[in-house]
Amino acid sequence: MSIFAVHYTYTPAKAALRDEHRALHREWLAEEYKAGNVLISGPYPDGSGALILIRADSLDGAEAFLANDPFNAHQAIDGVRVVEWTQVYGPFAE
C-alpha cells in the first residue's frame, strides 16, 4: 500500500456546509483512522484547508476512498489535491 497526501482547500463560501457536516466528517476520519486507512489528519491553522495522509493501493483507489468523506460527498471542499507521498523518516513504516 502506498501513502497519499490529500490537500483539501477551503474558502469562506462553503464554511456553512463544512460546519453542517463537520461531525460526520470527523466521525468518518476516526473510523478510517481506527481501520488504518487514515494515518493523520487535521486542518491548517489559517482555515485555508486540511491535510490528510491515507493508505491506498493506487491514486484511483485513494480518490474512490475519499468519495466516502462526508465533506467530499456534500461538496463542502473547494479543491482536492491527491499525490503519492514517500516517507523517508517517521512513524508510518510498515
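The values are calculated or read from the model by the stated rules, or taken from the named source; none is laboratory data. Everything numeric here is computed off the predicted structure, so don't read it as measured data. Cβ coordinates were reconstructed from backbone atoms using ideal geometry, including for glycine residues, and neighbour counts include every protein chain displayed. Accessible surface is based on the protein model in full, side chains and every heavy atom, while ligands, DNA and RNA are left aside. Shrake-Rupley method; radii C 1.70, N 1.55, O 1.52, S 1.80 Å.
Summing +1 for each Lys or Arg and -1 for each Asp or Glu, what net charge is found among the other residues whose Cβ lies under 15 Å from the Cβ of Arg18?
-3
Based on the Cα coordinates of the stretch 23-94, what is the per residue volume of their convex hull in Å³? Walk me through the intermediate numbers first.
Values: hull volume 7.9 nm³, N = 72.
Value for the stretch 23-94: 110 Å³ per residue.
Add +1 for every Lys or Arg and -1 for every Asp or Glu among the other residues with Cβ under 11 Å from the Cβ of Asn68, and state the total.
Details: positive: none; negative: Glu31, Glu32, Glu63, Asp69.
Neighbour charge sum, excluding Asn68 itself: -4.
Give me the percent of accessible area attributable to carbon and sulfur for the chain, probe 1.4 angstrom.
Details: 3060 of 5700 Å².
The C+S portion of the solvent-accessible surface of the chain is 54 percent.
To the nearest 10 square angstrom, what accessible area does Lys14 show with a 1.4 Å probe?
The accessible area comes out at roughly 60 Å².
What FRET efficiency comes out for the pair Ser2/Ala73, r = Cβ-Cβ distance, R0 = 25 Å, nearest 0.05?
Details: r = 23 Å, r/R0 = 0.94.
After rounding to 0.05, the efficiency reads 0.60.
Work out, step by step, the length gained on full extension between Ala13 and Lys34: first 0.36 nm times the residue separation, then minus their alpha carbon distance; give nm to one decimal. Don't skip to the end; give the middle numbers.
Values: separation 21, 0.36 × 21 = 7.56 nm, distance 3.16 nm.
Length gained, Ala13 through Lys34: 4.4 nm.
Ignoring ligands and nucleic acids, what accessible area does Ser58 show with a 1.4 Å probe (Å², nearest 10)?
Ignoring ligands and nucleic acids, Ser58 comes out at about 50 Å².
Taking a 1.4 Å probe, which of Trp28, Trp85 shows the most accessible area, and what order do the others take after it? Before the final figure, lay out each step's value.
Values: Trp28 25, Trp85 95 Å².
Final ranking, largest accessible area leading: Trp85, Trp28.
If amide H atoms are built 1.01 Å from N in the plane of the peptide, which residues on other chains or at least 5 residues away come under 5 Å of the amide H of Ile40?
Leu53
Could you tell me which of rounded, prolate or oblate describes the stretch 1-45, using a ≥ b ≥ c as the square roots of the eigenvalues of the alpha-carbon gyration tensor, with rounded for a/c under 1.5 and, failing that, prolate when a/b is larger than b/c and oblate otherwise? Don't skip to the answer; put the middle values down first.
Numbers: a/c = 2.98, a/b = 1.57, b/c = 1.90.
Because a/c hits 1.5 or more and a/b fails to exceed b/c, the stretch 1-45 counts as oblate.
Measuring with a 1.4 Å probe in the full set of protein chains, what accessible area per residue, in whole Å², belongs to the chain?
Spelled out: the 1.4 Å probe surface of the chain, per residue, equals 61 Å².
Sort Tyr8, Tyr89, Tyr44 from largest to smallest accessible area, using a 1.4 Å probe on the heavy atoms of the protein chains. Please list the in-between numbers first.
Values: Tyr8 5, Tyr89 200, Tyr44 75 Å².
Highest to lowest solvent-accessible surface, that is Tyr89, Tyr44, Tyr8.
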